[in-house]
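The values are calculated or read from the model by the stated rules, or taken from the named source; none is laboratory data. Given the structure is predicted, the values throughout are model-derived calculations rather than measurements. Quick reminder, even Gly has a Cβ in these numbers, built from the backbone with ideal geometry, and neighbours come from all protein chains shown. Keep in mind that these areas ignore ligands, DNA and RNA; they rest on the heavy atoms of the full protein, side chains included. Shrake-Rupley method; radii C 1.70, N 1.55, O 1.52, S 1.80 Å.
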Amino acid sequence: MTLLATADTEPAPAPASGDVILSVRDLRTQFFTRDGTVRAVDGLSYDLERGETLCIVGESGCGKSVSALSVMRLIPEDAGRIVGGSVTFEGTELTDMPEHEMRRIRGNRISMIFQEPMTSLNPVFTVGEQIAESLRIHQGLGGHAAAERAVEMLSLVKIADPRRRAGEYPHQLSGGMRQRVMIAIALACNPKVLIADEPTTALDVTIQAQILNLMLELKERLGTAIVLITHDLGVVAETAQRVIVMYAGRKVEEASVEELFRHPLHPYTRGLMGSIPRRSATGRRSGVRGRLQEIPGIVPSLREEIPGCAFAPRCSFAGERCSREKPPLEPHRPAHLAACWEVARVAATPR
C-alpha cells in the first residue's frame, strides 16, 4: 500500500499543460432563508491542472468559501444546495454522486484545510487520533499502523517532538501547530487536490510564512494541486500560478499571477490592489504615510437578482450600460479574462 511520501521522496514531476484534474462549470449554489434566496455562487467556472496552485481571491462574502464547500459537497442540506452546474474530478461528476461514494473521495482524493482549526478539530480527541481516523477509514490501516503513520505525518509537517504531540489535545497546541495538524490530516491520504480555505487568517505574519512555505514544499514533493482561497494579495503573489477574482458570487477576472499584477483589467481588481498598504518614495523620505485607498460603497445583497455588473454601484468607470447588462467574461489579453464593459478605459487609465 502506497502512503504519503517521506522526507527523502523525489520531487513530483511538473504538471503537463492542459492536464486538468478538477473542472468546475457554471457552478450555482444558493441558500434559502426567510428573507429570500441568497445566490452565494452564481455561475463560477474554472479548471485546475495537476500540480498547479490556483488562488481564488475577493472580499469576505464574495462566495470563495462556499465555492470550496460546494466542490466538497459540504453545503448543509437544510440551509442550501447546489442548484446548477457541474464539478468533475478526474472525469467523474461529483454534484450528483451518491453520498456514500462521495465519502470515499472527500478527505481521501480531495482534502480541505478549513479556515479556523480550533473549531474544525474535535476537542475531545487527541490530534494523533484525528489524523489516524482518516487513515483507518480510507487506507484500511489497523489501529497501531494508523497511529504510527499519524506520528510520521506530524513529523512531515515539522512539528517538534511529534510522538508527544500526537497524544495532546487541540487546546494544548498553539494556533500555528493546530494549523499544521489540519494540514497533516488533509495530506494523510495523499490527496490529488487540496483546497485550503484561508489557512493563515488567524496566524501572525511569521507563522503565516511558515505555513505557506510548508504547503508549497509539500506540493512540490507530492505533486498535489492546490486551490488556495484568500483575501490577501500578498499571499497570491507568493504562492499561485493563476488567480481568479470573485465578486458577489461571480468570477470577474482570471489570469496568471504575473499578468494580473501587471495588467489588472477589472476595476474591482484594481481596487483590491489599491487597498494594499504602500509607502511611496516621498513618504519614505518624509516619514509621512499616505492615505490608504478604499473601495467606496458596500457589497450588494445576494438575495436580489443583479441585472448588470454587480460592481457598477461602486465603480468609477461605470456607464449606463453597466447597470443594465451583465458583462460577459471574455479574453482581452492572452489567457486573461475579465467581465467588464469598460476594459479599454480601465487599461488606459494609469494606476
Determine if region 119-134 includes at least one residue that is at positive phi, modelled with pLDDT under 95 and assigned to a loop (DSSP other than H, G, I, E, B). no
Filtered residues of region 24-41 (kept if under 17 Å from the mean Cα position of the chain (by Cα) and either crowded, with 18+ Cβ neighbours inside 10 Å or on the phi > 0 side of the Ramachandran plot (or both)): VAL24, LEU27, THR29, ALA40, VAL41
Checking LYS219 against (1) under 25 Å from LEU69 (Cβ atoms); (2) outside any loop (DSSP other than H, G, I, E, B); (3) modelled with pLDDT of 85 or more; (4) of a type outside the set (A, V, I, L, M): exactly one of these is not met. Which one? (3)
With SER323, SER316 as the choices, which residue is farther than 11 Å from LEU265 by Cβ and open to solvent by 80 Å² or more (accessible area, probe 1.4 Å)? SER316
Within region 169-193, residues in a helix (DSSP H, G or I), farther than 14 Å from ILE211 by Cβ and open to solvent by less than 10 Å² (accessible area, probe 1.4 Å) come out as PRO170
Name every residue in region 194-216 that is of a type in the set (Val, Ile, Thr) and assigned to a loop (DSSP other than H, G, I, E, B), in order of residue number. THR200, THR201
Just name the residue that is modelled with the highest pLDDT out of those in region 74-89 that are part of a loop (DSSP other than H, G, I, E, B) and open to solvent by less than 60 Å² (accessible area, probe 1.4 Å). ILE75
Any residue at all in region 43-66 that is part of a strand (DSSP E or B) and polar (S, T, N, Q)? yes
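Do we find a residue being part of a loop (DSSP other than H, G, I, E, B), at pLDDT below 95 and touching a Cys at 6+ places or on another chain (Cβ under 8 Å) anywhere in region 289-302? Show your work before the answer.
Start the filter on region 289-302 by keeping residues that are part of a loop (DSSP other than H, G, I, E, B), which leaves 289-302.
Cutting the leftovers down to at pLDDT below 95 gives us 289-302.
Narrowing the set further to residues that are touching a Cys at 6+ places or on another chain (Cβ under 8 Å) leaves 299.
The answer is yes, given that some residue of region 289-302 is part of a loop (DSSP other than H, G, I, E, B), at pLDDT below 95 and touching a Cys at 6+ places or on another chain (Cβ under 8 Å).
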